[in-house]
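A short write-up of the structure that comes next.
What follows draws every value from the coordinates through simple rules; no lab data is involved. This structure is a prediction, so every number in the text was calculated from the model and none was measured. For neighbour counting, all protein chains shown are included, and Cβ atoms are generated from backbone atoms with ideal geometry for every residue, glycine included.
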Amino acid sequence: MALDRKATPNDLNAFWMPFTANRQFKKNPRMFVAARDMHYTTSDGRQVLDGTAGLWCCNAGHCRPRITEAIQRQAAELDYAPAFQMGHPVAFELANRIIEIAPRGIEHVFYTNSGSESVETALKLAIAWHRARGEGARTRLIGRERGYHGVNFGGISVGGIVNNRKVFGTLLGGVDHLPHTHLPAVNAFSKGQPENGANLADELERIVALHGAETIAAVIVEPVAGSTGVILPPKGYLEKLRAITKKHGILLIFDEVITGFGRLGAPFGSQYFDVLPDMMTTAKGLTNGVIPMGAVLTTAEVHDAFMTGPEHMIELFHGYTYSGNPIASAAGIATLETYREEALFERAAAIAPYWEEALHALKGLPHVIDIRNMGLIGAVELDPIAGEPTKRAFNAFLAAYDKGILIRTTGDIIAMSPPLIIEKPQIDELIGTLAGVLKTLA
Ligand SMILES: Cc1ncc(COP(=O)(O)O)c(C=O)c1O
């Protein structure tokens with residue numbers, strides 16, 4: 001039965017929208033009222049091709065029946081169960097299914113409700129883990145410039161997007177940052193992993209020398225940085241980070257909120273790059289974006305260090321009311337089944353070369369200063385309008401929406417990450433429409 005909702009409410013004032021130019025939006029709203037597979041339907045009845053999988057999360061496309069039905073069934077059977085000191089089978093089953101597709105060596109799942117909460121959880125786990133092993137001085141956290149790790153205090157502290165940090169005070173103490181790996185002077189128009197920049201991982205040795213390894217708990221990086229405008233790891237970079245962290249007893253956390261669940265054509269970035277971290281943070285594609293859920297995945301070594309003391313005692317004083325929520329867990333199982341039955345990770349890998357070629361055909365169009373890609377991720381960087389950074393890309397976003405495609409922009413970078421079900425003609429439509437937009441852009 002169709003939902004009886006007004007397509008556009010009379011008053012848009014009450015909802016303070018996240019990461020949105022509220023005043024601009026409310027003067028000229030862009031409303032989605034329905035979605036199916038690769039398309040959204042707008043309130044004025046247009047079809048918009050989803051070039052971003054919502055917010056990098058609807059990897060199986062929209063309103064997939066198996067997921068919808070699983071949610072409906074679970075809501076009618078067991079709507080909620082206390083998350084502390086009680087269990088329900090669905091959360092355990094989902095954890096087992098996640099571990100089945102996780103890299104070998106990752107054995108445990110701690111549930112959260114979002115990517116931001118996964119990051120906070122992993123950072124807290126890192127500090128507590130060292131303390132549990134008698135190294136309580138290891139409290140420093142190392143992030144990276146231009147990193148995005150959500151919006152909570154830990155995440156913005158280790159993150160490196162200036163606008164996300166600068167108005168929020170002093171943040172966490174004891175944090176340092178690696179340099180980012182965006183090197184357009186030597187890597188522009190790279191297809192896949194850039195050749196130059198692995199040496200930037202050596203900066204970790206400098207940070208270790210500065211603070212002393214015995215004060216550092218963890219390094220957190222995105223294997224491929226998405227929200228900051230698609231920054232790719234140079235060849236050999238992640239391997240070096242792994243070697244240096246291991247050498248100094250520092251935990252390595254991969255923030256796989258975007259790279260998890262098939263985005264690169266492998267279940268996780270860890271498998272794609274063949275680098276095993278100690279923890280992985282996930283969310284988004286875990287439930288196809290349909291129900292909020294995140295998870296921190298850890299090795300046995302991380303988990304087991306907490307499993308000490310009297311058995312009646314809580315081992316970790318951390319968790320959320322909705323950790324492993326039954327409906328989210330059911331959505332997660334149905335999502336993983338959809339990925340498997342439709343072989344969507346393999347599909348993403350198979351179509352990635354076509355995506356790469358289509359994307360790089362935009363080279364030479366007005367304002368395009370770089371194009372980069374990996375798996376089913378693509379970015380087109382534009383020359384900013386002098387004195388008005390971000391405006392050119394935002395104008396491209398608005399024009400693209402008018403022409404029936406959804407893209408995302410961050411700074412003057414256009415980022416795309418379509419659902420893994422995208423077909424070749426839809427890639428042609430997405431990139432062809434974007435080409436038209438770029439040609440008419442001031
Ligand atoms: C790498 C990474 N970490 C964390 C987050 C935060 O996730 P959420 O918005 O679910 O809190 C995001 C969101 O885009 C992300 O890309």
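Some notes on this structure:
- Placed amide H near residue 106: partners under 5 Å, 5+ positions off or other chain: none
- Residue by residue, region 182-191 carries 3J(HN,Hα) couplings of 8, 10, x, 4, 10, 10, 4, 6, 5, 9 Hz when phi is fed to the Karplus relation 6.51 cos²θ - 1.76 cosθ + 1.60 (θ = phi - 60°); x denotes Gly or Pro.
- Per-residue 3J(HN,Hα) values for region 141-154, derived from phi via the Karplus relation 6.51 cos²θ - 1.76 cosθ + 1.60 with θ = phi - 60°, read 10, 10, x, 8, 4, 6, x, 10, 10, x, 10, 7, 4, x Hz in sequence order (x marks Gly and Pro).
- Pairs from 166/403; 124/391; 124/424; 166/439; 240/439; 124/240 whose Cα-Cα separation, in the structure shown, is over 31 Å: 166/403; 124/391; 124/424; 166/439; 240/439
- When the helices of the chain are scored as -39500 (n - 2.57) per DSSP H run of n ≥ 4 and the total is divided over every residue, the value at 222 nm lands at -10500 deg cm²/dmol.
- Label zone (residue 24, point 7 Å along Cα-to-C-beta; backbone nitrogen cut-off 14 Å) within region 379-411: 385, 388-402, 407-411.
- Dipole moment magnitude, nearest 20 debye, the chain about Cα centre, only Lys, Arg, Asp, Glu C-beta charged: 1040 debye
- Computed over the chain: relative contact order in percent, which uses C-alpha pairs under 8 Å that are six or more apart: 21 percent
- Charge context of residue 399, other residues only, Cβ under 11 angstrom, K/R +1, D/E -1: +2
- Rounded, prolate or oblate (a/c below 1.5 giving rounded, otherwise prolate when a/b exceeds b/c) for the chain by Cα gyration tensor: oblate
- Phi-based couplings in Hz for region 240-251 (Karplus 6.51, -1.76, 1.60; Gly and Pro marked x): 5, 4, 5, 5, 6, 4, 4, 4, 9, x, 9, 6
- Pairwise centroid distance, computed over Cα atoms, of region 369-421 with region 104-138, Å: 34 Å
- Annotation note: chymotrypsin sites (Phe, Trp or Tyr not before Pro) in region 120-223 located in DSSP loop regions with a Cβ neighbour count of at most 12 within 10 Å are 168.
- Rounded if a/c under 1.5, otherwise prolate or oblate - region 174-320, Cα gyration tensor axes: oblate
- Chymotrypsin sites (Phe, Trp or Tyr not before Pro) restricted to DSSP loop in region 286-379 with at most 11 other C-beta within 10 Å: 317
- An oblate overall shape is assigned to region 94-196, the ratio a/c of its alpha-carbon gyration tensor axes (a ≥ b ≥ c) being 1.5 or greater and a/b not exceeding b/c.
- Subtracting the Cα-Cα distance of residue 202 and residue 442 from their residue separation scaled by 0.36 nm leaves 82.3 nm.
- Antiparallel bridges, percent of DSSP beta bridges restricted to the chain (to nearest 5): 65 percent
- Simple Cβ-charge dipole of region 236-395, Lys/Arg +1 and Asp/Glu -1, about Cα centre, in debye nearest 20: 380 debye
- Electrostatic bookkeeping for residue 148 treats Lys and Arg as +1 and Asp and Glu as -1; over the other residues with beta carbon under 13 Å from its beta carbon, the sum is +1.
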